[in-house]
Amino acid sequence: MGATVLIADDSMVIRAVLRHHLEEEGYQVVEAVNGPDAIEMMRHHRPDMVLLDIEMPGLNGHEVLRRVKADEELEGTPVVFLTGQTGSEQIVAGLRAGAQDYLKKPFEPAELIARVGAAVRTKRLQDALRERSAELDRMSRTDALTGAFNRRHLDEELGRFVRLAGRHADTVAVVMFDIDHFKRINDTYGHEAGDAVLREFTRRVLTVVRADDILGRWGDSVVGRWGGEEFLLVLPQTGIEGAYVVGERVRSAIAGATFAVGSHQVDITVSGGCAAGTKPPTELVRSADAALYQAKEAGRNRLVAATSPQPLP
Ligand SMILES: [Mg+2]
């Protein structure tokens, strides 16, 4: 797809000449006739680069660039100044302010095309880097086997929710799950079967949690693999009762239908411990762990709520 170039110049003649050369090279062209218009068009068209005239009535090119650089959504768009001035002072000031390049009027078409092309390549590289970095960030928070979040992400989100809860006199709930007799599955059917069970377990938990999710102001509930066959559910702005209700839905979604393990149908159950409050994350998790231990002791396939949820401050 051809890149989009925004021409911002108050001269109709210059806009027409630039458009002609750029369209000949296959660029899409949009035009702005003054400074405010340039910012508006950037917001609307998201061009790959901007040719920005310095001398324009009202808002000049320097002021437009200053606003673009202060705008989180626009600041990544390369700006090439167009200047009729021969002195280097204006050019230096523009480059210092964050312009990618400049072009002196009158310009040679070949030079125009070369500078526009370089700016567009810069933009494309930046975009690719940003995407890659977002992808790496996502991967670093995901458990490779199950696709659920990993412990790192759970830790961060739980910490964030607890801080918010403290500030707003609200609570955070956690449910620690542990698949019952998981070792038997690995021992009986092999590790691949165990992995398949972990994936199916994750799928069912996510189905329950997504169906249940009330979009909180602080963000969504988080499900992740805590380690081995342990999973943690973090519920922002939720008390112990709410945690128990969601946890119980998870428990019954696991026990309610057999798991396909190779050619076998296997009954799988899960035990869970719930805790809620504004305690530090490690203490919340410890409470949930203690409750989980009680659930195991009491015969598994059940949920236990920590007996003394932290009272509101
Ligand atoms: Mg002008």
Original post:
Could you give the nm distance between label points at Gln28 and Ala260, where each point is 7 Å from its Cα heading toward the beta carbon?
Top reply: 4.4
Original post:
Tell me, what is the Rg over Rh of the stretch 169-313, with Rh the Kirkwood radius over Cα pairs?
Top reply: 0.99
Original post:
Percent relative contact order of the chain, based on C-alpha pairs within less than 8 angstrom and at least six residues apart?
Top reply: 13
**OP:** Indicate the gyration tensor shape class of the stretch 198-275 (rounded, prolate or oblate), computed on the Cα atoms with a ≥ b ≥ c the square roots of the eigenvalues: a/c under 1.5 is rounded; otherwise a/b larger than b/c is prolate and the rest oblate.
**Re:** prolate
Subject >> Given charges at beta-carbon only (K, R positive; D, E negative), |dipole| of the chain in Debye >> reply: 840
Subject >> ³J(HN,Hα) computed for each position of the stretch 97-102 - Karplus, 6.51 cos²θ - 1.76 cosθ + 1.60, integer Hz, glycine/proline x >> reply: 6, x, 5, 7, 6, 8
Original post:
If you build the Cα gyration tensor of the stretch 103-253 and take the root of 5 times each eigenvalue, what three semi-axes come out, in whole angstrom, biggest first?
Top reply: 45, 23, 11
Original post:
Is the shape of the stretch 1-126 rounded, prolate or oblate, going by the alpha carbon gyration tensor and its root eigenvalues a ≥ b ≥ c, with a/c under 1.5 for rounded and a/b larger than b/c for prolate?
Top reply: rounded
Original post:
Let a ≥ b ≥ c be the square roots of the eigenvalues of the Cα gyration tensor of the chain; is it rounded (a/c under 1.5), or, if not, prolate (a/b larger than b/c) or oblate?
Top reply: prolate
Original post:
About its Cα centre, how strong a charge dipole does the stretch 75-215 have in debye, to the nearest 20, once Lys and Arg get +1 and Asp and Glu get -1 at the Cβ?
Top reply: 420
Subject >> Note, ³J(HN,Hα) from phi for the stretch 260-271, Karplus 6.51, -1.76, 1.60, rounded to Hz, x at Gly and Pro >> reply: 7, 10, x, 9, 9, 10, 10, 7, 10, 10, 9, 10
Original post:
Residue-wise, which Karplus ³J(HN,Hα) couplings in Hz belong to the stretch 182-195, taking 6.51 cos²θ - 1.76 cosθ + 1.60, θ = phi - 60°, and x for glycine or proline?
Top reply: 5, 4, 4, 5, 4, 5, 7, 10, x, 5, 5, 5, x, 4
Subject >> Expected 222 nm ellipticity per residue - DSSP helices of 4 or more, -39500 (n - 2.57), all of the chain, to 500 >> reply: -16000 deg cm²/dmol
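Laboratory data are not the source of any read-out in this text; all were calculated from the coordinates shown. This one's a predicted model, so the numbers in the text were calculated from it and none came from an experiment. Neighbour counts run over all protein chains shown; Cβ positions are idealised from the backbone, glycine included.
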